[in-house]
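Okay, structure first, notes after.
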Amino acid sequence: MSTTTRRGLFLTFEGLDGSGKTTQMRLLAARLREAGETVIETVEPGGTSIGGAIRRILLDPANDHLSSTAEMLLYFAARAQNVDEILTPAIARGEIVISDRWTDSTRAYQGYGRNLGVDVVRDLDRIACRGRKPDITFLIDIDLETGLQRARHRNIETSATDESRMDEQSRAFYERVLEGYQALAAEEPHRVLRINGRGTIEEAAERVWAAYKEFRDRHV
Ligand code: TYD
């Protein structure tokens with residue numbers, strides 16, 4: 001495998017709250033840098049300063065009356081800013097961009113979780129992202145129980161009150177989110193690579209790396 005990237009690459013990490021995707025994303029970024037790549041890490045919502053302001057609105061428990069449609073549009077507003085400010089310029093420079101969540105989250109959480117449907121998510125993606133799609137999406141797979149437990153544990157440890165709105169969602173909501181991710185993986189198996197997120201962090205990281213290498217070998 002070549003260690004230099006000739007064209008930009010856009011990678012995303014997806015999964016339930018508590019799936020460990022953020023840790024895995026950081027480990028992959030570090031490994032790619034060791035291999036000589038220039039890597040930009042970003043997060044949705046919140047990768048830009050404007051996105052950060054939008055994130056605070058979205059995750060503030062005081063905004064529990066935020067309508068589902070307004071919520072979805074805010075996620076896309078943050079993403080549109082990210083496309084212009086971070087993603088497009090970095091890809092043009094031939095760099096690797098890795099995002100913690102992207103439109104697949106909106107599809108799973110708003111499309112399925114909030115029952116807004118996948119068509120509206122697809123339409124808004126066309127407007128906000130203008131055809132920019134991830135080359136690879138790592139979907140970190142864990143069962144609902146493990147994810148909810150890990151997310152709860154993390155909230156207690158960090159007493160993250162500002163981020164608690166999302167974690168108070170009902171179990172039925174998360175079941176629909178999981179269903180959304182499973183449907184996505186079935187529909188786009190070449191882009192969406194399912195990674196077994198059980199076991200140790202290192203074990204999952206090896207699976208991510210193996211999936212990445214396999215993808216690169218297929219696309220050189
Ligand atoms: P995130 O910061 O990734 O939380 P975690 O590290 O716990 O996964 O995401 C915060 C919440 O925002 C998470 O519950 C998922 C939700 N979300 C959506 O509902 N729609 C979206 O489009 C995105 C990007 C996130």
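The values are calculated or read from the model by the stated rules, or taken from the named source; none is laboratory data. Predicted model only: the values in this text are computed from it and were never measured. We place every Cβ from the backbone using ideal geometry, glycine too, and count neighbours over all the protein chains shown. The accessibility values were calculated without ligands, DNA or RNA, using every heavy atom of the protein model including side chains. Shrake-Rupley method; radii C 1.70, N 1.55, O 1.52, S 1.80 Å.
Structural remarks
- Test for Asp104: is it within 14 Å of the chain's Cα centre (by Cα), among the acidic types (Asp, Glu), at pLDDT 95 or above and closer than 24 Å to Leu74 by Cα: yes
- Positions within the range 95-117 being in contact with a Ser or Thr (Cβ under 7 Å, 6 or more places away or on another chain), within 11 Å of the ligand (Cβ to nearest atom) and among the aliphatic types (A, V, I, L, M), in sequence order: Leu116
Residue-by-condition table, conditions (1) polar (S, T, N, Q); (2) farther than 20 Å from Gln24 by Cβ; (3) at pLDDT below 95:
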{"residue": "Arg171", "(1), (2), (3)": "no, yes, yes"}
{"residue": "Gln182", "(1), (2), (3)": "yes, no, no"}
{"residue": "Asn196", "(1), (2), (3)": "yes, no, no"}
{"residue": "Gly199", "(1), (2), (3)": "no, no, yes"}
{"residue": "Glu203", "(1), (2), (3)": "no, no, no"}
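- Of the residues making up the range 6-27, those that are touching an Asp or Glu at 6+ places or on another chain (Cβ under 6 Å) and among the hydrophobic types (A, V, I, L, M, F, W, C) are Leu9, Phe10, Phe13, Met25.
- Matching helices (runs of 4 or more DSSP H) fully within the range 1-85 where at least 2 residues are over 19 Å from Ala128 (Cβ atoms) and open to solvent by 30 Å² or more (accessible area, probe 1.4 Å): 21-34
- Residues (outside any helix (DSSP H, G or I) and either within 11 Å of the ligand (Cβ to nearest atom) or on the phi > 0 side of the Ramachandran plot (or both)) located in the range 128-156: Arg130, Gly131, Ile140
- Scan the range 183-219 for residues that are touching a Leu at 6+ places or on another chain (Cβ under 6 Å), not β-branched (Val, Ile, Thr) and not in a strand (DSSP E or B) and the total you get is 3.
- So Glu44, is it within 11 Å of the ligand (Cβ to nearest atom), of a type outside the set (Gly, Ala, Ser) and within 29 Å of Asp141 (Cβ to Cβ): yes
- Selection count, the range 111-126, where residues are surrounded by 12 or more Cβ atoms within 10 Å (Cβ to Cβ) and within 26 Å of Arg171 (Cβ to Cβ): 9
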